[in-house]
1. With unit charges on the beta carbon (Lys/Arg positive, Asp/Glu negative), name the residue among 116, 98, 87 whose Cα is farthest towards the positive pole of the charge dipole of the range 85-126.
2. Taking the Cα centre of the range 99-160 as origin, work out the dipole magnitude from +1 charges on Lys and Arg Cβ and -1 charges on Asp and Glu Cβ, in debye rounded to 20.
3. Go through the range 19-33 residue by residue and turn each phi into a ³J(HN,Hα) via Karplus (6.51, -1.76, 1.60, θ = phi - 60°); whole Hz please, and just put x for glycine and proline.
4. How many nm is it between the label spots at residue 34 and residue 159, if each spot is 7 Å from the Cα in line with the beta carbon?
5. Please compute the length gained on full extension between residue 63 and residue 102, using 0.36 nm multiplied by the number of residues separating them and subtracting their Cα-Cα distance.
6. About the Cα centre, and with charges only on the beta carbon of Lys, Arg (+1) and Asp, Glu (-1), how big is the dipole of the range 12-114? Nearest 20 debye, please.
7. What FRET efficiency comes out for the pair residue 135/residue 167, r = Cβ-Cβ distance, R0 = 41 Å, nearest 0.05?
8. Give the cysteines in the chain for which no other Cys Cβ lies under 4.7 Å away, or write none if there are none.
Amino acid sequence: DQDGPGPDTPHGSASPSLGVFEQQQLLMNRTKVTGNLVTFSQPWLAKVSGCTNNTDRNGTRLNETEVARVQCAHGAFTVYFVEYRSVADRDKARTRVMSQNVDARTLTPGVGEPSVNRNGLNGNYVEYAYTVGSDQPRTVCAIWWDSTAEPVAAYMLGYWTEGVGQKWEPLRDLWARGNR
């Protein structure tokens, strides 16, 4: 018997059900989130890596309506956790992605309809897409998720061709991992 964490368990591990890698990611990534983002981002923090926040030297930059922004990676995807100044500011940002859901119907076949309280969770879920670049345009597909009660949102982005193989399922799976 050992009195403390064994060689495979980091000190202060977050959850014994997580593997060693996930426990370590959770511990490191928790230091990047503050305020209302702590609870909201918790389910994904063991599954993402390389998180930076708006206070890090070369970290992600805030938009004018934001209080905090954390950027993380998960393979070919970029994941953002954002705290807005108010629920109204968050809702205004969601309105923009709702219009991109309409555009996604031609850009990314199989895009889902926006929904509220998806899988019994209190929030708004929107799949959307847009193009970037003018010389060689690329399509970005993304999922937006917000909390009904708090001024927070997460969005997960990947390139339609290179990142998800022109299928929504990989991005939907990433979203679902934070809600299992």
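What follows is calculated from the coordinates using simple rules that are stated; it is not laboratory data. What you see is a predicted model; the values in this text were computed from it and never measured. Ideal geometry is used to build each Cβ from the backbone, glycine not excepted, and the neighbour counts take in all protein chains shown.
1. Ranked along the dipole, the leading option is 87.
2. Value, rounded to 20: 120 debye.
3. Per residue, the Karplus-derived 3J(HN,Hα) values read x, 4, 4, 5, 4, 5, 4, 4, 4, 6, 6, 4, 6, 9, 10 Hz.
4. With each label point 7 Å from Cα toward Cβ, the separation is 3.4 nm.
5. Extending this stretch completely gives an extra 11.7 nm.
6. In debye, rounded to 20, the range 12-114 gives about 120.
7. Working from the Cβ atoms, E equals 0.95.
8. 141
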